[in-house]
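Data first, discussion second: the structure below is written as structure tokens.
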Amino acid sequence: MARPRSGLRGALSRYAIDPVFRRAAGARWVPTHAMLETTGRRSGLARRTPVVSALDGDTLWLVAEHGRRAAYVLNLEADPRVRVRVRGRWRRGTARPLPDDDPRARLRRMRRPLLGRIVRWFGDDLLTVRICLEPTTKEALR
């Protein structure tokens, strides 16, 4: 059953947690977060969202707290081309929601125990998203 983002959870998320994550996301010194940039499905404008993530080679994993209702998930379903700022660098990639993947197991594999608990506590419809990043080797930049 879906839990609305209101009351204590909504206030904590909106006024305490989100502002901190927004500033820290994608910074070199914060490897647990990334800044995800999608293209707005209606406006066509760039939209940035801080996300808890795990980088595995050229694959970035994240778990959407509100599943397919999250604005950034709706945006990446409309246009899967995204940019991600991870560890201080912007990278391009292609995002794909994975509804058949177990998001709770994915959170455990991401090895972010405290952040995983926060995502599970605030989330009401978890969804795994895989982002295949373009390689950053010198040969790929030519």
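A few remarks follow.
- Across the range 56-71, computed HN-Hα scalar couplings (Karplus, 6.51 cos²θ - 1.76 cosθ + 1.60, θ = phi - 60°) run 10, x, 9, 10, 10, 10, 8, 10, 7, 5, 10, x, 6, 7, 5, 4 Hz from first to last residue, x flagging Gly and Pro.
- Under the simplified labelling scheme, the A46-D58 pair shows an inter-label distance of 2.3 nm, with each label point 7 Å from Cα along Cα→Cβ.
- Using 0.36 nm per residue and subtracting the Cα-Cα separation, the extra length available between R104 and R69 on full extension is 10.8 nm.
- Largest first, the residues R104, R83, R92 sort by 1.4 Å accessible area into R92, R104, R83.
The values are calculated or read from the model by the stated rules, or taken from the named source; none is laboratory data. Keep in mind that what you see is a predicted model, and the values were worked out from it rather than measured. Cβ sites come from the backbone with ideal geometry, for glycine too, and all protein chains shown count toward neighbours. Areas reflect the complete protein model, heavy atoms only, side chains present, ligands, DNA and RNA absent. Shrake-Rupley method; radii C 1.70, N 1.55, O 1.52, S 1.80 Å.
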